[in-house]
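Asks: There's a structure below that I have some questions on.
The values are calculated or read from the model by the stated rules, or taken from the named source; none is laboratory data. Everything numeric in this text was worked out from a predicted model, so none of it was measured. For neighbour counting, all protein chains shown are included, and Cβ atoms are generated from backbone atoms with ideal geometry for every residue, glycine included.
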Amino acid sequence: MPDATTTDAVTISDITTTADAEAFRLLNEAWISRFFTLEDEDRKLLGDPIGQIVEPGGAAFVARLGADGPAIGCIGIAPVGPGVFELVKMAVSPEHQGHGTGRRLIRTALDRARALGAHRVVLESNAQLASAVHLYEAFGFRHLDHDEIAPSPYVRADVHMALDLR
């Protein structure tokens with residue numbers, strides 16, 4: 001089912017190689033370290049995105065300038081329950097933010113979640129990342145009520161959202 005989507009010189013494709021996995025790790029470590037501290041769960045997912053996200057039934061993507069250019073963004077969807085996926089590890093390099101790459105990554109991840117039979121996609125973020133939270137809201141994600149929030153492995157997670165796909 002892997003495929004590539006090209007729009008405005010940005011190519012989004014499934015992570016399949018160690019170079020893709022390394023780009024996924026580096027992009028995420030850069031933004032996390034800019035705002036927060038890397039946590040154990042970050043290290044686990046970023047150390048092996050194929051084994052931690054893809055092999056259990058999810059998908060991970062990398063955005064590149066052109067087909068073979070540098071990686072400028074990434075995102076993953078990880079299964080967390082029957083028909084439920086978590087949007088994880090979205091990152092866009094600072095010099096490429098504000099040009100629609102994040103929007104394209106989210107659209108690609110949601111399309112794949114639907115293709116994998118998801119009826120719901122959840123995510124965790126942080127209120128400091130206001131632009132990202134607004135982007136999720138633009139896709140229809142709603143903020144969860146306190147009683148809907150599952151325990152998080154992330155200390156920084158203070159935003160919990162969900163999008164029902166049906």
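Asks: Tell me, please, whether a residue that is within 21 Å of Asp48 (Cα to Cα), in contact (Cβ under 8 Å) with a residue 40 or more places away in the chain and of a type in the set (Gly, Ala, Ser) can be found in segment 118-133.
Replies: No, the conditions are met nowhere in segment 118-133.
Asks: Taking the stated definitions as given, is Gln128 in contact with a Phe, Trp or Tyr (Cβ under 7 Å, 6 or more places away or on another chain) and surrounded by fewer than 19 Cβ atoms within 10 Å (Cβ to Cβ)?
Replies: So Gln128 passes the test.
Asks: For segment 1-20, how many residues are of a type outside the set (A, V, I, L, M), part of a loop (DSSP other than H, G, I, E, B) and either on the phi > 0 side of the Ramachandran plot or modelled with pLDDT under 90 (or both)?
Replies: Residues that pass the stated criteria total 3.
Asks: Just the residues that are among the hydroxyl-bearing types (Ser, Thr, Tyr) and not in a helix (DSSP H, G or I), please, taken from segment 29-57.
Replies: Thr37
Asks: Would you mind stating whether Leu26 is part of a helix (DSSP H, G or I), crowded, with 20+ Cβ neighbours inside 10 Å, of a type outside the set (Lys, Arg) and at pLDDT 95 or above?
Replies: no
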